[in-house]
Amino acid sequence: MEEVLSPSKEVMLPVTQRSDLVATRIALPSPWDAILLGVTAFPIPKEELQRAKGFLQNFGLREAVGRRFSAETFIQVEQSDDGDCRRIYSERAREWIPEVGLGVWPDREPPVTWAQEEFMAVGPDKRIRPLMYQILRITASPKAKADAFSAMLPFGPALQILTHDDGETLLDKATRLLLPSLKDPSYTCYPFYVPLLDKKGLTSATLEQLEAWFCGASVYIRESFEDKGILIVAREPLGPIMEKLGGRFESGETPTWYIPS
């Protein structure tokens, strides 16, 4: 339920209320559009989490009406080293029935195993690069997929893709896109592959690349540690739905949506 809050004398900046959700617009080649819901940290602080959850629920309901989307939920548990995240996953995995796959960045070099030189170069203030980006697909009921996305959202490993195709078709397209780039046999034996995207990759992409990378998806929602926020990409302008949710757009050097919560 939307609630527009009245101005408060405590507000320091006149352009937004403290309870507003702030979403930076990312300009992409038409018809694609994207926003980034910034967060101050992962795990997401309680008040920010409540606003983000409320927005994502309303956004999802608006998008689902009459569209017959299939929702696929994935978890990048290794993206979070929070103990509560891993505990909740361990406790709920039996009901979520996860299947292990591999996340691949289509705009980056493909993953390869570590070389001896990399171990030699690691110092006290330097971490070795990730060996891979394991990803877990929730294979249980639609309710379990929604529950998994909600349960993991506070910690940063949640990824959801909405598509008019069924899940198997989406993953088949993604595998045909990503598997040929993998030359190291350590990474070619997974049952499915999922594209991983962040702001940097999106803003440097052409229309042809975006069409290929999203593999028929209509909406892509990923918690991005790289961007310190929740990335939402859609294959149509997001302005109309943001306005329906009460959003106010301010153009400028950093175009931004302010959504009341």
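The values are calculated or read from the model by the stated rules, or taken from the named source; none is laboratory data. Worth saying up front: this structure is predicted, and the values here are computed from it rather than measured. Virtual Cβ from ideal backbone geometry, glycine too; neighbours counted across all protein chains shown.
Looking only at residues of the range 141-171 that are of a type outside the set (Lys, Arg) and surrounded by fewer than 16 Cβ atoms within 10 Å (Cβ to Cβ), we find that the one that is nearest to Ser90 (Cα to Cα) is Ser150. Could we say that Arg67 is out of contact with any Ser or Thr (no Cβ under 6 Å at 6 or more places or on another chain) and at pLDDT 90 or above here? No, not satisfied. Residues that are at pLDDT below 95 and in contact with a strand residue (DSSP E or B) (Cβ under 7 Å, 6 or more places away or on another chain) within the range 146-161 are absent altogether. For Thr188, the conditions (1) at pLDDT 95 or above; (2) under 17 Å from the mean Cα position of the chain (by Cα); (3) hydroxyl-bearing (Ser, Thr, Tyr) are fulfilled apart from (2).
Apart from one condition, Thr256 fits all of (1) polar (S, T, N, Q); (2) touching a residue at least 40 places away in the same chain (Cβ under 8 Å); (3) under 20 Å from Pro29 (Cβ atoms); the exception is (3). Hey, any hits in the range 245-253 for a residue that's in contact with a Lys or Arg (Cβ under 9 Å, 6 or more places away or on another chain), modelled with pLDDT of 95 or more, over 17 Å from Leu56 (Cα atoms) and not aromatic (Phe, Trp, Tyr)? Scanning the range 245-253 turns up no residue that is in contact with a Lys or Arg (Cβ under 9 Å, 6 or more places away or on another chain), modelled with pLDDT of 95 or more, over 17 Å from Leu56 (Cα atoms) and not aromatic (Phe, Trp, Tyr). Reported count of residues in the range 203-232, each being within 20 Å of Asp166 (Cβ to Cβ) and either surrounded by 20 or more Cβ atoms within 10 Å (Cβ to Cβ) or of a type in the set (Gly, Ala, Ser) (or both), is 10. Within the range 192-202, take every residue that is farther than 15 Å from Ala23 by Cβ and hydrophobic (A, V, I, L, M, F, W, C) and give me the one that is surrounded by the fewest Cβ atoms within 10 Å (Cβ to Cβ). Top of the filtered list is Phe192.
Do we have any residue at all in the range 62-75 that's of a type outside the set (D, E, K, R), closer than 23 Å to Gly201 by Cβ, in a loop (DSSP other than H, G, I, E, B) and touching a Phe, Trp or Tyr at 6+ places or on another chain (Cβ under 9 Å)? No, the range 62-75 contains no residue that is of a type outside the set (D, E, K, R), closer than 23 Å to Gly201 by Cβ, in a loop (DSSP other than H, G, I, E, B) and touching a Phe, Trp or Tyr at 6+ places or on another chain (Cβ under 9 Å).
Among the residues that make up the range 95-102, is at least one of them assigned to a loop (DSSP other than H, G, I, E, B), at pLDDT 85 or above and either under 21 Å from Gln160 (Cβ atoms) or in contact with an Asp or Glu (Cβ under 6 Å, 6 or more places away or on another chain) (or both)?
Within the range 95-102, the subset assigned to a loop (DSSP other than H, G, I, E, B) is 97.
Now restrict to residues that are at pLDDT 85 or above: 97.
After this cut, where a residue has to be either under 21 Å from Gln160 (Cβ atoms) or in contact with an Asp or Glu (Cβ under 6 Å, 6 or more places away or on another chain) (or both) as well, the list is 97.
Scanning the range 95-102, I find at least one residue that is assigned to a loop (DSSP other than H, G, I, E, B), at pLDDT 85 or above and either under 21 Å from Gln160 (Cβ atoms) or in contact with an Asp or Glu (Cβ under 6 Å, 6 or more places away or on another chain) (or both), so the answer is yes.
Close contacts from the range 87-105, counting a first residue that is within 30 Å of Trp213 (Cβ to Cβ) and surrounded by 15 or more Cβ atoms within 10 Å (Cβ to Cβ) and a second that is among the aliphatic types (A, V, I, L, M) and at pLDDT below 95, with Cβ to Cβ under 6 Å and a gap of 6+ residues or different chains, come to Tyr89/Val77. Every condition in (1) in a helix (DSSP H, G or I); (2) over 20 Å from Leu159 (Cβ atoms) holds for Phe249 except the one numbered (1).
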